[in-house]
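For reference, the structure is listed below as structure tokens.
The values are calculated or read from the model by the stated rules, or taken from the named source; none is laboratory data. What you see is a predicted model; the values in this text were computed from it and never measured. Every residue, glycine among them, receives a Cβ derived from its backbone with ideal geometry; neighbour counts consider all protein chains shown.
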Amino acid sequence: MQENENPPWFITRQGSPSIPRGNQCSCIVKLPEDVIAHILSYLPVKSLLLFKCVSRLWCSLIESEYFIKLHLRNFVHDSSGAKLSLILQDTCFSTPKIFSVTDVGSQSECVELGGPFGYRTRILGSCNGLLCVCQSDMEDSVEYKRSGKYYVSPKIALWNPLTKKLHILPFAPIQVTTWSPLYGVLDSLEFQYAFGHDSFNDDYRVLRIVQQNPGMPDPDKFILKAMVYSLKANSWREIVAPGYLHYIVSKESVLVRDAFHWLLIQGHGFDIVAFDIQREEYCTVPLPNLESKSSLYYRNLGVLRQCLSLASSSVHNVEIWVMKEYGMKDSWVKLFLLEQSSSLCYSTVPYDLAPLAYVKDNNDDHKVLLKGLSDQSLIWYDLKPKTYEHVQIHGAPWLYQPFIFVGSLVSPLPPMQKQLDGKIHQECEN
């Protein structure tokens, strides 16, 4: 910065912001850049995008990898505090809408977001302010080849809804070897997606598991394939897909300790299977010793304070368990037992709940946010008085799927594209 330029941030000795006019103000104290970064890192993304216009220094600082990671670290930590943000996916209609909720309280409001594929945008996962989305209507993704085979190329993208940056992933066509003319090509496929961050390699990964003819009772007659996308490499790669992935019953994966987790049912029991993003290896995670008898289909995984959690529902109660030390069976502890009541369930059907978030509010009250999978509602459970209340979100669709969302400046662009965008931005400034 030149000496005659105004400093990007300064305060008077009285501590209030001031704008110098010429050399009239002689009591200006310039803040170091690390102090500026620390202050700005606690501001929401919307404010930071506006503050990029203050000066070139601020713009360069806010766009730097150091600041983006600092800001993300502060807001990930704050998501366990009084404020909790959600992204809601409308599940009522074939043209789903997307909504955001900035503060989930007993009385909350949501605003509609426009997806990158319009009303055909479906959310596959949320991580560090990025949404993994796909085009819900895949009819135009089917391509016929003269060889007599069909290929399906789902359109998938990584999207930051706050910065509006978007990256459409390279196509990874799926060869459909067999299909029934009665149901069509797409109905012969079943997709399972998982999206998360590899903290060791600082990379974002998308796991796609595809089953062909999933309804076949004979495992030898269905085809199972898995592929992993790396944002750093901006490419897909096929990996091993064990046959037991066919028995996954979880509707969505749970990301804990850089690993995706699902529940799967085999025979008369169930297991927790995990996929390590860094090592690209599968393993099983030990289960807790559940006290109540519940149907295998009324058990759901979640994340509470970065720990793997499990909800087990019966017609009498709901057990919420937390694994304090990852991978250690003895570290499973029962967080609480929620008694079923007429306001929570029907007389003979368990109220299917899944843990969503653990927060500590301004009154030092510890609460757990639960989502009902049967009616897709949200419930706050207060651990001290052992009471619960239903969350009312004004403007929300009748049925929706909630995703925990942390507002960030994280870019969905691969490294090469980010460098190119940076050069273009510098040339425009000059």
Test: THR348 is part of a strand (DSSP E or B), surrounded by fewer than 20 Cβ atoms within 10 Å (Cβ to Cβ) and either in contact with an Asp or Glu (Cβ under 6 Å, 6 or more places away or on another chain) or at pLDDT below 95 (or both)
no
Any residue at all in segment 382-392 that's over 24 Å from VAL303 (Cβ atoms) and among the hydrophobic types (A, V, I, L, M, F, W, C)?
no
Taking segment 231-263 as the region of interest, how many residues are outside any loop (DSSP other than H, G, I, E, B) and at pLDDT 90 or above?
13
